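**Q** Okay, here's the structure, questions in a sec.
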Amino acid sequence: NGISAAIHKNPNMNTLVAVGSLSSFIYSLVLTFLIPIDNNEVHNLYFESSAMILTFIMTGKFLEGQSTEKTKSAISALVSLTPDKCLILPSSWKSGDSLQDASEILVEKVTLDSLLIVKPGQRIPLDGKIIFGKTTVDESMLTGESLPIEKKEDSLVIGGSLNGNGLIVIKVSAIGNDTTLAKIISFVEEAQGKKAPISKIADKIAGIFVPIVLGIAILTFVLWFVLGGDNALAQALLAAVTVLIIACPCALGL
């Protein structure tokens with residue numbers, strides 16, 4: 001990702017991680033083959049720096065992935081709260097009429113102002129207002145309140161909540177994406193796919209920070225190579241890689 005971003009002239013923190021860890025690894029790899037010539041080179045290996053940077057970054061990615069999976073599970077749990085089918089009454093039904101005329105219908109085919117029967121122990125299919133009966137409703141899925149809430153005529157009920165011990169008839173007030181549960185699911189999905197404000201700021205800063213660090217590393221290499229004495233190339237490489245490694249695991253990246 002970092003190399004791809006650099007190619008498209010939009011360097012980010014991944015670019016710095018990639019360049020820093022790769023430079024450290026290649027530099028150490030070259031020195032490994034020089035150890036038979038000069039034993040002191042064994043003290044100039046930086047494999048652990050390359051490994052630790054990648055370990056820190058990948059651990060962060062792993063934790064982010066775990067968080068995303070939990071969010072997906074939460075969405076699935078919310079979706080499962082809504083029943084697939086419900087009992088619908090004729091639009092002409094009035095309080096006191098028989099409930100025997102109810103028929104089963106898919107929840108997705110229910111329209112606004114439809115009259116639905118919710119039996120004790122069933123989940124309320126959609127948001128609505130009670131026009132007949134009284135009951136208690138468990139709304140812990142939305143509010144976290146474990147105690148059932150008493151509901152009577154003209155009380156509002158939320159789709160996905162659990163009807164308690166009474167039979168009620170509700171008039172549907174919201175369907176589809178307009179229901180409370182659908183909006184919650186939408187908010188969760190949106191939050192899952194959207195970067196946090198601090199992350200957006202970090203990306204903007206990285207767009208300036210990364211090229212500056214790369215520029216400093218190149219300048220460092222040139223100065224050490226030109227002004228250095230014996231073994232100028234090795235010193236220049238070491239200094240340039242040090243700049244990249246030091247800048248790589250900065251607080252911005254974390």
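The values are calculated or read from the model by the stated rules, or taken from the named source; none is laboratory data. The shown structure was predicted, so the numbers you read here are calculated from the model rather than taken from an experiment. All Cβ positions, glycine included, derive from the backbone under ideal geometry; neighbour counts span all protein chains shown. We work out accessible area using only protein heavy atoms, side chains counted, and drop any ligands, DNA or RNA first. Shrake-Rupley method; radii C 1.70, N 1.55, O 1.52, S 1.80 Å.
**Q** Tell me which GluC sites (Glu not before Pro) from the stretch 132-214 have a DSSP coil assignment and no more than 16 other beta carbons within 10 Å of their own.
**A** Filter output for the stretch 132-214: Glu145, Glu153.
**Q** If you split all Cα-Cα distances of the stretch 166-254 into 10 Å bins from zero, what percentages do you get per bin, shortest first?
**A** The percentages, shortest bin first, are 14, 23, 17, 13, 11, 9, 7, 4, 2, 0.
**Q** Also, I was wondering about something else. As a test question: what accessible area, to the nearest 10 Å², does Asp97 have when a 1.4 Å probe is rolled over all protein chains in place?
**A** Spelled out: Asp97, probe radius 1.4 Å, area about 80 Å².
**Q** Moving on. Across 10 Å bins from 0, what is the distribution of all Cα-Cα pair distances for the chain, in whole percents?
**A** Reading the bins upward from 0: 6, 21, 18, 11, 10, 11, 10, 7, 4, 1, 0.
**Q** Keeping every protein chain present and rolling a 1.4 Å probe, give me the accessible area per residue for the chain in Å².
**A** 61 Å²
**Q** Positive end of the dipole of the chain, charges at C-beta (+1 Lys, Arg; -1 Asp, Glu), about the Cα centre: which of Ser91, Ser140, Leu223 has its Cα farthest in that direction?
**A** Ser91
**Q** Right, here's the next one. Output ³J(HN,Hα) for the stretch 21-33: one whole-Hz value per residue in order, computed from phi by the Karplus curve 6.51 cos²θ - 1.76 cosθ + 1.60 with θ = phi - 60°, and x for Gly and Pro.
**A** The phi angles translate into 5, 5, 4, 4, 5, 5, 4, 5, 5, 5, 5, 4, 6 Hz.
**Q** For Lys195, list the aspartates and glutamates whose Cα falls under 15 Å from its own Cα; do not include residues on the same chain fewer than 8 positions away.
**A** Candidates past the 8-residue exclusion: Glu64, Asp203.
**Q** Here's another thing I want to ask about it. If R₀ is 25 angstrom, what is the calculated FRET efficiency for the pair Lys70 and Lys183, using the beta carbon separation as r and rounding to 0.05?
**A** Once rounded, the FRET efficiency stands at 0.80.
**Q** Lys119: which aspartates and glutamates have alpha carbons under 17 Å from its alpha carbon, excluding same-chain residues fewer than 8 sequence positions away?
**A** Within the straight-line cut-off, Lys119 pairs with Asp84, Asp97, Asp101, Glu104, Asp127, Asp138, Glu139, Glu150, Glu153.
**Q** Report Met141's accessible area, 1.4 Å probe, all protein chains in place, as a number in Å² to the nearest 10.
**A** Roughly 50 Å² of Met141 is accessible to a 1.4 Å probe.
**Q** Pick out, in residue order, every one of the GluC sites (Glu not before Pro) in the stretch 1-67 that is DSSP loop and has at most 15 other C-beta atoms within 10 Å; say none if there are none.
**A** none
**Q** Pairs Lys109/Lys200; Lys72/Lys134; Lys72/Lys152; Lys109/Lys152; Lys152/Lys183; Lys61/Lys109: which exceed 32 Å Cα-Cα?
**A** Beyond 32 Å between Cα atoms: Lys109/Lys200; Lys72/Lys134; Lys72/Lys152; Lys61/Lys109.
**Q** Loop-only check: which trypsin sites (Lys or Arg not before Pro) in the stretch 1-83 are DSSP coil with at most 13 other Cβ within 10 angstrom?
**A** Hits after loop and neighbour filter: Lys9.
**Q** Leaving out ligands, DNA and RNA, what percent of the accessible area of the chain is carbon and sulfur, probe 1.4 Å?
**A** 62 percent
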